[in-house]
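> Before we start, here is the structure in question, set down as structure tokens.
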Amino acid sequence: MKVKKTIFLSTSGTKHPILIENGLIQSLPEWVYRELKPSKVMILTNKKLEKTYGKKVLSNLKKYNKATFLYSIKDGERFKNKKTLFDILSQLRKFKFQRDSCLLTLGGGVVGDLGGFAAAVYMRGISFVQVPTTLLSQVDASVGGKTAIDFGGIKNLIGAFYQPKGVLIDPEVLSTLDERNFRTGLSEVIKYGIIYDPRFFKFLENNILLLLRREPKALLQAIYRSCQIKSLIVSKDEKENGIRAWLNYGHTLGHALEAYYHFEGITHGEAIAYGMRFASLLALELGLCDQSCVDRQWNLITKAGLNSKLKKFDIKTVHEKMTFDKKAKKGKAQFILTRKIGLVSIQKNLSSSAIYSALRQVQAEACEPR
């Protein structure tokens, strides 16, 4: 029996559905044409997914409208740049897309971010639909309307808040995801428990082995609650003027590590995992939380297999990259730190000594000796 769950994300007076259902990828063409009635559709995907899902989705869409196209980009964070963005815009122009046309993003966070940004700026905005195919994109990147490209060595520096008309999530597509990329998505799932919901965090502690085995019921519950928490937060603060910053827990250091390693040898989830470790250690250093709060986070992160060893990083360089984070104010990074499981706070103007102390601890745990 299929289980179907629907969440509505409310922003600026409109509601955007997030549909979660096993096998949904087969019926998504019907939803697209019933709900949006687009004159044309372009599927944006990557080279790998073009073979596994892209051509099937294209064939199903063409049953409703012949004006359907598919365009594949190279996969990987290093391709989330202005060149790829303008390649996508050129395809939309080539296919003579207008404001009643629709862009459908089929892939992970890179495809979703690029496609969403292209949809936001083409003709000052056309419809787009997110069809995320990785756990990371299903629970995080596809929800909330953040779109962007990387620029000048800084992740997501140029972008826009632009909501999709719908997010269509099919947990069954995760069966083809490789082990490391599946685990990297668990980092964002764990984050939701830390920042918002102690009961969900306990659920993750009790079910982490089932999740690693991709047990359908546990996986569906993890995806649903993650999307629900993010939708609740974004509905209250779409443009990140307040509590939406909580969603950046672990990301200040995480993004700095990704940039330091040039997005190679470390996944987004692994970087965020060490970012969460840093944030919890910094909170402990400042007396904001107790040792149990720190230990529970790290135990779950390690059980999820997100503590891969890294090549040694330079603390000063990483600290400098943290100050270039988009959420930095007046040249100083701001941090989301834990008070207890399920409660965080925004901290500003922290002493360099406390930051460096936490960075040294992370370096000692994360990095292989030279």
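A short reminder: the numbers here are calculations on the coordinates, not readings from a lab. Small disclaimer: the values here were computed from a predicted structure and weren't measured. Virtual Cβ from ideal backbone geometry, glycine too; neighbours counted across all protein chains shown.
> Exceeding 23 Å between C-alpha atoms, which entries from my cross-link table qualify? They are Lys47/Lys80; Lys4/Lys48; Lys82/Lys311.
Lys4/Lys48; Lys82/Lys311
> Might you report the magnitude of the Cβ-based charge dipole of segment 213-288 about its Cα centre, with Lys and Arg at +1 and Asp and Glu at -1, to the nearest 20 debye?
Value, rounded to 20: 440 debye.
> Under 5 Å between amide H atoms, partner at least 5 residues away or on a different chain: which partners does Leu70 have, H built in plane at 1.01 Å?
Placed amide hydrogens put Ile43 under 5 Å from Leu70.
> Something else: Arrange the following residues from fewest to most other Cβ atoms within 10 Å of their Cβ: Leu337, Leu253.
Leu337, Leu253
> Suppose every K and R has +1 on its Cβ and every D and E has -1 on its Cβ; what is the size of the dipole of segment 179-366 about the Cα centre, in Debye to the nearest 20?
220 debye
> Connecting C-alpha atoms closer than 10 Å in a GNM of the chain, tell me which of Ser127, Ser142, Ser175 has the biggest fluctuation.
The residue with the greatest mean-square fluctuation here is Ser175.
> Tell me whether segment 1-125 comes out rounded, prolate or oblate; compute the Cα gyration tensor, take square roots of the eigenvalues as a ≥ b ≥ c, and use a/c under 1.5 as the rounded threshold.
Here segment 1-125 falls in the rounded category.
> Give me a comma-separated list of calculated 3J(HN,Hα) values for segment 294-307, in order, Karplus coefficients 6.51, -1.76, 1.60 applied at θ = phi - 60°, integers in Hz, x for any Gly or Pro.
5, 5, 5, 4, 5, 4, 5, 4, 5, 5, 7, x, 9, 10
> Please rank Leu157, Leu220, Leu58, fewest neighbouring Cβ atoms within 10 Å first, as an exposure proxy.
Lowest count first: Leu157, Leu220, Leu58.
> Another one. Find which of Ile266, Ala279, Pro171 sits farthest along the positive direction of the dipole of the chain, computed with +1 on the beta-carbon of Lys and Arg, -1 on that of Asp and Glu, about the Cα centre.
Pro171
> Provide Thr133, Thr68 in ascending order of the number of other Cβ atoms located within 10 Å of each residue's Cβ, fewest first.
With the sparsest Cβ surroundings first, the list reads Thr68, Thr133.
> What whole-number distance in Å separates the alpha-carbon centres of segment 300-326 and segment 113-179?
24 Å
> Is there a quick way to get the dipole size of the chain? I mean about its Cα centre, with the Cβ of Lys and Arg at +1 and of Asp and Glu at -1; what is the value in debye to the nearest 20?
940 debye
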